[in-house]
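Taking it in order: structure first as C-alpha cells, then the write-up.
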Amino acid sequence: MPETAQRLQGFTESVIRGMTRLATQQGAINLSQGFPDFDPPEELLVALERATRGPHHQYAVTWGAPRFRQALARKITRCSGVPVDPDQELVVTCGSTEAMMVAMMTACNPGDKVIVFSPFYENYAADAILSGAEPIYVPLHPPYFHYDPEELARAFAQQPKAIVVCNPSNPTGKVFTREELTEILALAEKYDAFMIMDEPYEHIVYEPHEHVYAASLPGAEDRVVTCNSLSKTYSITGWRLGYVQASARFIAQARKVHDFLTVGAAAPLQEAAVAGLELPTSYYAGLRDLYTRKRDVFLECLRATGLPFTDPQGAYYVLLDISSLGFACDHEAAKWIIEHIGVAGVPGSSFFREPIHQYVRFHFAKKEETLRAAGEKLQALARGR
Ligand code: GLN
C-alpha cells in the first residue's frame, strides 16, 4: 500500500474516546469521556418525536436550518448580549468538534502557528495539524492554572495566526476572568491573530465564578471566533449540534469549509433542538445548580480517597493526583483503576504538552447515584494499590 499522509504521524487517536471503549469492554463506571447518563429536558424529547413526523428528513440549508439559526441567534444574544445576524454570522456544524476544525481551517495557512494552552482538550493539536498549522504551547500553571503573561507574550511574538482558548476549560476547570480574556484579546490585536474560543461549558460555571463571553469584549468583532455546542447545555452529546459564530467576513469563508466537510448537521435534530434554544433563562440557572450539586457529591467522594485533586471553577472535570500510588505512569494507573476499582478515567498526560504523568481525569456529568457508586469504589484508593 502507498504511505498514508505524513501529517497523521503528528497525533494519535483520541485517548478519551479510547478510554470509553475500554470502560464498556470492562464494564466499568465510565467517568472518562465527558457525557451525561441522564436524559435531556422533556421539551427536547417531545420536539424530537414531533420532528420525526415533519418534513425534516432531507438536507437542511448547508449552513444551518433557518429556524434553528434564528432561535440560536436569539439565545446567544439573550445570554451574551452580543447581537448576532443569523444569516451572516453563524454556521451550524456537527458539534463543536467540527466547529473547531472549520474555524482552524478557515483561519490558517500551511505553516502558520497556533497557540494552545497546555493542558488542553486533545482535539486542538490535531485540528491545528490537520489545518497544516503548527501548535505552539503556553503552560497553565497548577494549582490555579494561571498563565504567565510573559510566556504568553513570548508565544505571540512568534506571530501565530490564532490562539485557542477553551473557556471554561477542559480539563482544568479554569474559568478565564474578564481581565485575562481582555489581555489575550489585546495580544491578538497587537499581533493580528484570531482568538478562537471553544465554549461548550458556558453554562456550567460554579459560583462565585462567571462566564465572560470573549465575543462580548470591546474589539472582539473581527477577531473573536466562537465555537460552541448544544451537547453539554442540553445533555444531547449524541445529536452532534454545534456552531461557529464570527464576523460575516469570517463566516462567508467558514461556510465553504463546512460545506465540503459535512454538508450539514442533521436536519430533524436541528428542528427538535429549537425547543432547547427557546427554554427560559431559568433553565440555565437550574443547570448550574444541578452541576454544582454533582460537583459537591463527587468532590466529597474524592476527598475520602485522601489524594489531592483540582477544584474546578467550571466545566465538569477533575484531575486526581495519583502520584503517591507509585505507578510508572498515568496510563498504567488509569488501566489499573478500570480493572481493579471498576471506574474509568482518562490518563492526564493526553492533555499535557509537558511530560506530566501524575493525573487521571474523571468527569461528574452523571446521575448522583452513578457518582456515589463510583465514589464508593474509588474509596479503595485510600488504601493505596
Ligand atoms: N469533551 C468531552 C471530553 O473531554 C468529549 C467530547 C468528545 O469526545 N467529542 O471528554
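Key figures for this structure:
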item: Answer from Pro143, Pro171, Pro110, Pro139 - the residue that is surrounded by 23 or more Cβ atoms within 10 Å (Cβ to Cβ) and of a type outside the set (Phe, Trp, Tyr); result: Pro171
item: Residue count for segment 165-175, restricted to those that are in contact with a helix residue (DSSP H, G or I) (Cβ under 8 Å, 6 or more places away or on another chain) and more than 14 Å from the ligand (Cβ to nearest atom); result: 1
item: Residues within segment 9-22 that are under 19 Å from Tyr121 (Cβ atoms) and either assigned to a helix (DSSP H, G or I) or among the hydrophobic types (A, V, I, L, M, F, W, C) (or both), tallied; result: 9
item: Residue that is nearest to Phe11 (Cα to Cα) [pool: residues in segment 330-359 that are within 13 Å of the ligand (Cβ to nearest atom) and of a type outside the set (Phe, Trp, Tyr)]; result: Ser350
item: Among (1) touching a residue at least 40 places away in the same chain (Cβ under 8 Å); (2) crowded, with 18+ Cβ neighbours inside 10 Å; (3) farther than 23 Å from Ala365 by Cβ; (4) polar (S, T, N, Q) - the single one Gln159 does not satisfy; result: (2)
item: Selection status of Val225, away from the ligand (no atom under 16 Å from the Cβ), surrounded by 16 or more Cβ atoms within 10 Å (Cβ to Cβ) and within 30 Å of Val274 (Cβ to Cβ); result: yes
item: Out of Leu72, Leu44, Leu8, sole residue that is buried (at least 19 other Cβ atoms within 10 Å of the Cβ), of a type in the set (A, V, I, L, M) and within 30 Å of Gly345 (Cβ to Cβ); result: Leu44
item: Lone unmet requirement of (1) polar (S, T, N, Q); (2) under 18 Å from Ala214 (Cα atoms); (3) buried (at least 18 other Cβ atoms within 10 Å of the Cβ) for Thr182; result: (3)
item: Qualifying residue in segment 90-104 (condition: of a type in the set (Gly, Ala, Ser), under 22 Å from Phe260 (Cα atoms) and without any contact (Cβ under 8 Å) to a residue 40 or more places away in the chain); result: no
item: Qualifying residue in segment 137-156 (condition: more than 15 Å from the ligand (Cβ to nearest atom), more than 16 Å from Asn170 (Cβ to Cβ) and touching a Cys at 6+ places or on another chain (Cβ under 8 Å)); result: no
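Residues checked against (1) among the aromatic types (Phe, Trp, Tyr); (2) more than 15 Å from the ligand (Cβ to nearest atom):
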| site | (1), (2) |
| --- | --- |
| Cys79 | no, yes |
| Val84 | no, yes |
| Asp87 | no, yes |
| Ser96 | no, no |
| Ala99 | no, no |
| Pro110 | no, yes |
| Tyr124 | yes, no |
| Asp127 | no, no |
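Conditions tested, residue by residue: (1) over 24 Å from the mean Cα position of the chain (by Cα); (2) assigned to a strand (DSSP E or B).
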| site | (1), (2) |
| --- | --- |
| Thr292 | no, no |
| Thr305 | yes, no |
| Asp311 | no, no |
| Leu320 | no, yes |
| Ser324 | yes, no |
| His357 | no, no |
| Arg361 | no, yes |
| Thr370 | no, no |
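Read-outs: derived from the displayed coordinates by stated rules, not from any lab. Since the structure is predicted, the reported quantities are computational estimates derived from the model, not experimental observations. Positions of Cβ are generated from backbone atoms using ideal geometry, with glycine treated the same way; all protein chains shown enter the neighbour counts.
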